[in-house]
1. Please state which of the following conditions CYS79 fails to meet, knowing it meets all the rest: (1) modelled with pLDDT under 90; (2) open to solvent by 70 Å² or more (accessible area, probe 1.4 Å).
2. Note down all Cβ pairs under 6 Å where the first residue falls in segment 61-85 and is without any contact (Cβ under 8 Å) to a residue 60 or more places away in the chain and under 13 Å from SER101 (Cα atoms), the second is open to solvent by less than 40 Å² (accessible area, probe 1.4 Å) and aliphatic (A, V, I, L, M), and they're at least six residues apart or on different chains.
3. Just name the residue that is farthest from PHE70 (Cα to Cα) out of those in segment 83-108 that are of a type in the set (Gly, Ala, Ser) and assigned to a loop (DSSP other than H, G, I, E, B).
4. Could you tell me which residue of segment 105-125 is most open to solvent (accessible area, probe 1.4 Å), considering only residues that are of a type outside the set (Asp, Glu), over 18 Å from the mean Cα position of the chain (by Cα) and under 22 Å from ALA58 (Cα atoms)?
5. For ARG87, which of the numbered conditions (1) within 20 Å of the chain's Cα centre (by Cα); (2) surrounded by fewer than 18 Cβ atoms within 10 Å (Cβ to Cβ); (3) of a type outside the set (A, V, I, L, M, F, W, C) fails to hold?
6. Say we look at segment 65-76 and pick out the residues that are open to solvent by 30 Å² or more (accessible area, probe 1.4 Å) and either basic (Lys, Arg) or touching a Cys at 6+ places or on another chain (Cβ under 6 Å) (or both); which of these is farthest from TYR117 (Cα to Cα)?
7. Out of (1) open to solvent by less than 50 Å² (accessible area, probe 1.4 Å); (2) of a type outside the set (Ser, Thr, Tyr); (3) within 19 Å of the chain's Cα centre (by Cα), what's the single condition that is false for ILE102?
8. Name every residue in segment 92-112 that is in contact with a Ser or Thr (Cβ under 8 Å, 6 or more places away or on another chain) and charged (D, E, K, R), in order of residue number.
Amino acid sequence: MSRRAMEQARRITDSFPRRRRRGPGRPPGRLKDKKDKKDKDKVQVNVRDCPHPPSQAAPDPALLEMLRRFDLSWEFGPCTGITRLQRWERAQELGLSPPGSIRDALLEHRDNPDVTYSLWHEYEL
């Protein structure tokens, strides 16, 4: 090993090939056309001025915090790959005594995906 190589600390990025970027800081193929920007602004205005309210109101932050604590409590079993209600029902069948307030909230907000699904619902075991 040369003396110069010994003086410089090795970095993890040294093992990857170096790539040069083209242009003033933008990778190729990422430039936007002025026409696209105008069309995007029009779409945003149309969505913002929509007379129909959103289909679901945002859930209460206290409710979301209660559900997050339920998700993080491992005493009721894993929460990946299933809905919160399925997890509550499984815990009930196993005799783990999950809180009834959780079930009531889940049934009340059944159509709201922010309430129905935990953060990890898309993962499968």
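The values are calculated or read from the model by the stated rules, or taken from the named source; none is laboratory data. Nothing here was measured: the structure is a model prediction, and the numbers come from that model. We place every Cβ from the backbone using ideal geometry, glycine too, and count neighbours over all the protein chains shown. Heads up: the accessible areas ignore ligands, DNA and RNA and are worked out on the full protein's heavy atoms, side chains in. Shrake-Rupley method; radii C 1.70, N 1.55, O 1.52, S 1.80 Å.
1. CYS79 satisfies every listed condition except (2).
2. LEU63/ALA105; PHE70/ILE102; ARG84/LEU106; LEU85/LEU106
3. So in segment 83-108, the residues of a type in the set (Gly, Ala, Ser) come out as 91, 95, 97, 100-101, 105.
From what is left, the residues that are assigned to a loop (DSSP other than H, G, I, E, B) are 95, 97.
Numbers: GLY95: 16, SER97: 12 Å.
Here the residue is GLY95.
4. If we filter segment 105-125 for residues that are of a type outside the set (Asp, Glu), which is where we start, we get 105-107, 109-110, 112-113, 115-121, 123, 125.
Filter again for over 18 Å from the mean Cα position of the chain (by Cα), leaving 105-107, 109-110, 125.
Now restrict to residues that are under 22 Å from ALA58 (Cα atoms): 105-107, 109-110.
Details: ALA105: 10, LEU106: 9, LEU107: 60, HIS109: 58, ARG110: 139 Å².
Within segment 105-125, the match that is most open to solvent (accessible area, probe 1.4 Å) is ARG110.
5. (2)
6. Just the residues of segment 65-76 that are open to solvent by 30 Å² or more (accessible area, probe 1.4 Å), to begin with: 65-66, 68-69, 72, 74-75.
Those still in the list that are either basic (Lys, Arg) or touching a Cys at 6+ places or on another chain (Cβ under 6 Å) (or both) too: 68-69.
Numbers: ARG68: 10, ARG69: 13 Å.
Within segment 65-76, the match that is farthest from TYR117 (Cα to Cα) is ARG69.
7. Unmet for ILE102, out of (1) open to solvent by less than 50 Å² (accessible area, probe 1.4 Å); (2) of a type outside the set (Ser, Thr, Tyr); (3) within 19 Å of the chain's Cα centre (by Cα): (3).
8. Of segment 92-112, the ones in contact with a Ser or Thr (Cβ under 8 Å, 6 or more places away or on another chain) are 106, 109-110.
Residue satisfying the conditions is ARG110 alone.
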